[in-house]
Amino acid sequence: MNKKLNVSIVGGSGYVGGELLRLLLFHPNVNIKQITSVSQTGKFIHHAHPNLRNVSDLKFSHPDVLESCDLLFLAQPHGFAAKRIDHFASLAERIIDTSADFRLRDKAVYAQWYGEPHPSPNWLSKFVYGLPERHRAELGGANYVSGVGCNATVTNLALAPLADAGLLKGTIVVADIKVGSSEGGGQPNEGSHHPERSGSVRSFKPTGHRHQAEIRQLLGHDFELYMSVTSIEMIRGALVTAHCLLANKLNDKDLWKIYRDAYKQEPFVRLVKQKTGIFRYPDPKLLPGTNFCDVGFEVEENSNRVVVIAAIDNLMKGAAGSAVQAMNVMLGWSETMGLEFPGLHPV
């Protein structure tokens, strides 16, 4: 293309904002016009994101001086975008919000899971859920795209092939998710204090995690879903181990066909199931900085239990990476543009 897209980021000093900045600085079709932060106003971006030292001379702007642009990324905590969406829509024709504000279509479901009425319920139907693997057609040409929950994303991509094949209907799924500390965001708290956090395996949401609503919205309500989230000694990453108690027994050959058919055309979903090796199943250790979701599975012998394992970088495929991927789809660009980084080994 001859003219680059002018893009701005609201909330650029946090972890997701930093990942968006890192990706967009190297995107061939994008020019970053502004990046805002109240706490970092006037400072160079490397003050908040030292990995970007000498990469750009961009400085943080105050949100009050945000100007119009072609596409606006919103990377603020939950509740921020929903209260200001009319203002942001007046500044940009296209918006991608990485928070939870516009993920759910039903205002009653939103109130149930977030404990309060949605501030702008008339906007819910205008946003497309930003997971290209499930909403690619709707994303093409869309103006408003929601973010995705990291725990929802890793679980949705793990279970979607089984759901699409009708194999989850009337069954029970127990999804156990291990997550890194970056899922808690960039603001320190009592739980993130190093002496309290280091070495901990902390069950912080054994029941009632809000991302269940996203999974239900995407995969339906015809199976029982039990979800637990545990924080472990890892910075980036989410790993789901989904125990699926199916109605009928399956074998490896059955599952290979189901998952291969579902994901053979997906650029960012890889099937990881080897007979030997320490990385024979998905492992988030291999995924920092990448937009991949690795998916594997195992059948319990003489049982109806199938275990599906999936891993992502929660800040990438679970947030900024999916947002950039969705932008590419919105604008008709190559879906992998700016997201080609394959990861590192060892790390």
For a quick check: sort L58, L24 by the number of other beta carbons within 10 angstrom, fewest at the front. L58, L24
Straight-line reach check, K126, cutoff 16 Å on alpha carbons, 8 or more apart in-chain or any other chain, hits among aspartates and glutamates -> D86, E93, D97, D101, D106, E138
Checking the a/c ratio against 1.5 first, then a/b against b/c, what shape does the Cα gyration tensor give for region 109-160? oblate
State, to one decimal in nm², a quarter of the convex hull surface area for the C-alpha atoms of the chain, i.e. the direction-averaged projected area. 17.8
From the square roots a ≥ b ≥ c of the eigenvalues of the alpha-carbon gyration tensor of region 150-314, which class results: rounded (a/c under 1.5), prolate (a/b over b/c), or oblate? prolate
Here the percent of antiparallel bridges among DSSP beta bridges lying wholly in the chain, to the nearest 5, is 45
Might you report the magnitude of the Cβ-based charge dipole of region 150-314 about its Cα centre, with Lys and Arg at +1 and Asp and Glu at -1, to the nearest 20 debye? 240
Subtracting the Cα-Cα distance of E116 and D164 from 0.36 nm times their residue separation yields 14.0 nm
Pairs K285/K317; K43/K317; K205/K273; K249/K285; K4/K33: which are spaced more than 20 Å apart, C-alpha to C-alpha? K43/K317; K205/K273; K249/K285
Where does each of V329, V295, V272 land when they are ranked from fewest to most other beta-carbon atoms within 10 angstrom? V272, V329, V295
Please report the net charge: other residues with Cβ closer than 15 Å to the Cβ of P206, K and R +1, D and E -1. +3
Report the antiparallel proportion of the DSSP beta bridges in region 5-126 as a percent, rounded to a multiple of 5. 5
Mind checking the angle between helix 80-91 and the chain's longest principal axis? C-alpha axes, 0 to 90 degrees, to the nearest 10. 50
So what's the back-of-envelope 222 nm ellipticity for the chain, counting only DSSP H runs of four-plus at -39500 (n - 2.57) apiece and dividing by all residues, rounded to 500? -7500 deg cm²/dmol
Listed with the fewest Cβ neighbours within 10 Å leading, K253, K273 appear as K253, K273
For region 8-66, what is the charge dipole size about the Cα centre, in debye to the nearest 20, if Lys and Arg each add +1 at the Cβ and Asp and Glu each add -1 at the Cβ? 100
P(r) of region 5-126 in 5 Å steps, Cα pairs, percent per bin? 2, 12, 21, 22, 17, 12, 8, 5, 1, 0
What net charge is computed for the residues neighbouring N51, neighbours being all others with C-beta under 14 Å from the C-beta of N51, Lys and Arg scored +1, Asp and Glu -1? +2
Please give the charge dipole size of the chain, origin at the Cα centre, charges +1 on K and R Cβ atoms and -1 on D and E Cβ atoms. Round to the nearest 20 debye. 320
Translational diffusion coefficient of region 221-342 at 20 °C, 1.002 mPa s, Stokes-Einstein with Kirkwood Rh over Cα pairs, in µm²/s as a whole number. 135
By average C-beta atoms within 10 angstrom, highest first, the peptides 11-19, 276-284: 11-19, 276-284
What does the charge add up to near L91, with Lys and Arg as +1, Asp and Glu as -1, over the other residues with Cβ less than 13 Å from its Cβ? -2
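Since every read-out is calculated from the coordinates, none of them should be taken as a lab result. Values in this document were obtained by computation on a predicted structure and should not be read as measured data. Note that each Cβ is placed from the backbone with ideal geometry, even for glycine, and that neighbours are counted across all protein chains shown.
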